[in-house]
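Following: one structure in structure tokens, then a few remarks.
Just so it is clear, none of the values below were taken in a lab; they were calculated from the coordinates. Everything numeric in this text was worked out from a predicted model, so none of it was measured. Glycine also receives a Cβ, built like all others from the backbone with ideal geometry; neighbour counts cover every protein chain displayed.
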Amino acid sequence: MSLSHQVSQQTRYEPTVRVTYRIAGFDRPNFVSDIADSVPQDDSFLIRTLAFEADGIQAMGVLTIQIQHGIQPMYNLTQRLRSVQGIAVCKNFMSDYSK
């Protein structure tokens with residue numbers, strides 16, 4: 001069996017979740033970098049959208065993550081995001097479940 005066939009079989013059956021978070025917090029240096037760094041750096045999490053605006057006091061934005069392997073990693077990610085210094089609101093406002 002070829003490697004490309006093995007990879008396509010694995011990814012075909014893994015469920016994915018695309019989750020979009022609305023995030024608001026206090027503007028500070030590296031705020032957006034810290035949010036991006038809170039997303040695990042492995043193949044289970046892919047940042048699809050990261051867009052923020054800030055006015056020097058408040059920062060607001062959207063973060064969309066594609067998560068492999070089901071729902072539990074989504075809960076863990078939400079907890080990680082909420083632990084970033086300066087975040088006041090972190091709400092999941094849209095999820096798309098697919099296989």
Worksheet item: Stretch L50-D27 to full length: gain in nm at 0.36 nm per residue minus the Cα-Cα span?
Response: 6.7 nm
Worksheet, complete the sentence: For R18, placing the label point 7 angstrom along Cα-to-beta-carbon and taking the stretch 24-46, residues whose amide nitrogen sits under 14 Å are 46
Worksheet item: How do 62-68, 87-93 rank on mean C-beta neighbours within 10 Å, highest first?
Response: 62-68, 87-93
Worksheet item: Treating the beta-carbon of each Lys and Arg as +1 and of each Asp and Glu as -1, no other charges, what is the dipole magnitude of the stretch 15-98 about its Cα centre, to the nearest 20 debye?
Response: 240 debye
Practice prompt. At 7 Å along the Cα-to-beta-carbon direction for both D43 and Y75, put a label point, then send me their distance in nm to one decimal.
Written response: 2.6 nm
